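Here is the structure we will look at.
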Amino acid sequence: MSFKRLTISFAVSVFLLYAGLILSLFYFFDGPAFLMTLFSERTLYSLGLSLAAATLVTVISFVFALPSAYALSRYAFFGKQVIETLLELPMIVSPLALGAMILIFFNTPAGQMIQDRGTHIVFTIYGILVAQFITTLGVAIRFIKAVFDEIPIKYEQSAWVLGRSPAIAFFSVVMPIGKQGIIAAALLTWAKALGEFGATLTVAGSMAMKTETLPIAIYMRLASADIEGAAALVLIIIAIGLGILAGVRLFAGKGSSCA
């Protein structure tokens with residue numbers, strides 16, 4: 001077997017692995033039951049909550065991620081390596097552990113003061129936003145930094161020579177060039193927020209019609225031995241996820257061709 005065929009066979013085997021898992025869901029698929037699950041008040045609430053929370057968290061994350069990623073991509077400053085290392089925290093620590101860290105923080109005097117003088121976070125919808133924000137922010141910065149790293153700084157330098165300030169050069173040069181990559185990063189960040197489970201469950205709980213997002217709804221269905229309902233919800237979240245990946249490929253302009 002040639003090296004080309006060997007590598008392709010590995011790629012196909014990975015595809016078959018995931019395809020097999022998806023196809024196994026259809027063993028428990030029942031049309032009427034699927035529609036009943038999909039259009040139940042509880043599922044619609046979970047779906048709407050998940051979509052709204054993921055969208056809001058993505059917007060908030062990008063408010064912090066865009067300038068942070070630009071600073072890490074373009075400037076050298078004291079503590080940069082430490083900051084970049086700490087940004088890996090959501091990728092090296094499980095979401096459940098992150099959720100525990102958030103919960104522990106809000107049980108400290110500083111956390112209690114925030115909740116007493118502001119909005120109560122733990123076991124509320126705001127807890128969903130905080131948990132998803134913490135788990136997606138570092139990832140969003142990584143995605144956007146990769147986009148900025150690919151844009152040669154000479155384009156900005158040309159704008160500076162023409163009298164543009166760094167801020168104007170950022171919005172008029174860097175952002176338009178990196179638009180597709182930034183949109184792709186936003187979609188991936190949104191998808192990660194949508195599928196977040198561990199930290200959300202730990203911080204916000206699993207109260208039906210209150211803090212039950214779609215991933216938590218899947219967990220609750222499994223906990224009650226409702227395999228058919230869980231399979232239906234998994235199919236819904238897979239359909240959304242695959243749609244997001246298709247959007248990423250579209251906006252990132254990624255096509256593949258091989259001889």
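The values are calculated or read from the model by the stated rules, or taken from the named source; none is laboratory data. Predicted, not measured: the structure shown is a model, and the values here were computed from it. Heads up, the Cβs are rebuilt from the backbone with ideal geometry, glycines too, and the neighbour counts pull from every protein chain shown. Just so you know, the surface numbers come from the protein's heavy atoms only, side chains and all, with ligands and any DNA or RNA stripped out. Shrake-Rupley method; radii C 1.70, N 1.55, O 1.52, S 1.80 Å.
Which percent of the accessible area of the chain is formed by carbon and sulfur heavy atoms (probe 1.4 angstrom)?
Details: 10730 of 14840 Å².
Whole-percent figure for carbon plus sulfur exposure: 72.
T189 contributes about 0 Å² of solvent-accessible surface, heavy atoms of the protein only, 1.4 Å probe. Annotation: average projected area of the stretch 182-252 is 5.1 square nanometres, based on the convex hull of Cα atoms across all directions.
Solvent-accessible surface of the stretch 67-170, taken per residue with a 1.4 Å probe and all protein chains present: 58 Å². Subtracting the Cα-Cα distance of K4 and M209 from their residue separation scaled by 0.36 nm leaves 68.6 nm. Take the Cα of A239, step 7 Å toward its Cβ, do the same at I104, and the gap between the two points is 4.1 nm. Here is what passes the span test in the chain: the DSSP H helices with alpha carbon length of 30 Å or more along the helix axis and a Kyte-Doolittle mean of -0.5 or above are 3-25, 41-74, 125-149, 227-252. Which residues in the stretch 132-152 place their backbone N less than 20 Å from a point set 7 Å from the Cα of V59 along the Cα-to-Cβ direction? So the set is 132-138, 140-141. Annotation for the stretch 1-103: GluC sites (Glu not before Pro) lying in DSSP loop with at most 14 further Cβ atoms inside 10 Å of their Cβ are E88. Pairs of Cα atoms nearer than 8 Å and 6+ residues apart set the relative contact order; for the chain it is 30 percent. With Cα atoms defining each centre, the stretch 144-205 and the stretch 81-102 are spaced 20 Å apart in the structure.
From the P(r) of the chain, can you give the percent of Cα pairs sitting at distances over 26 Å?
Numbers: 17819 of 33411 pairs.
Above the 26 Å cut-off, the chain has 53 percent of its Cα pairs.
Students sometimes get this wrong: rank M175, M91 by accessible area, probe 1.4 Å, all chains present, largest first. Kindly include the intermediate steps, with their values, before the conclusion.
Details: M175 45, M91 100 Å².
I get M91, M175, largest accessible area first.
Please state the shape class of the stretch 1-57: rounded when a/c is under 1.5, otherwise prolate if a/b exceeds b/c and oblate if not, all from the C-alpha gyration tensor. Could you put the intermediate results ahead of the total?
Details: a/c = 7.36, a/b = 1.95, b/c = 3.77.
Judged from the Cα gyration tensor, the stretch 1-57 comes out oblate (a/c at least 1.5, b/c at or above a/b).
Note on the chain: with charges restricted to the Cβ of Lys and Arg (+1) and Asp and Glu (-1), its dipole about the Cα centre is near 780 debye. A Förster distance of 35 Å, applied to the separation of the beta-carbon atoms of L96 and L162, puts the FRET efficiency at 0.10.
With the alpha-carbon atoms as the only input, what is the per residue convex hull volume for the stretch 1-126 in Å³? Intermediate values should be presented prior to the final figure.
Working: hull volume 28.4 nm³, N = 126.
Taking only Cα atoms, the stretch 1-126 has a hull volume of 225 Å³ per residue.
List, in the order given, every pair from K145/K192; K4/K145; K145/K179 whose Cα-Cα distance in the structure shown is over 23 Å. Too far apart for the 23 Å limit: K4/K145.
Report the Rg/Rh value for the stretch 129-259, based on alpha-carbon coordinates and the Kirkwood definition of Rh. Please list the in-between numbers first.
Numbers: Rg = 19.9 Å, Rh = 17.4 Å.
Reported Rg/Rh (Cα atoms, Kirkwood Rh): 1.14.
Which is the longest stretch in the chain that no exposed loop site breaks, taking sites as chymotrypsin sites (Phe, Trp or Tyr not before Pro) with a DSSP loop state and at most 10 other Cβ atoms within 10 Å? Mind showing how you got there, number by number?
Working: sites that count: F39, Y75, F77, F78.
Value returned for the longest uninterrupted segment is 79-259.
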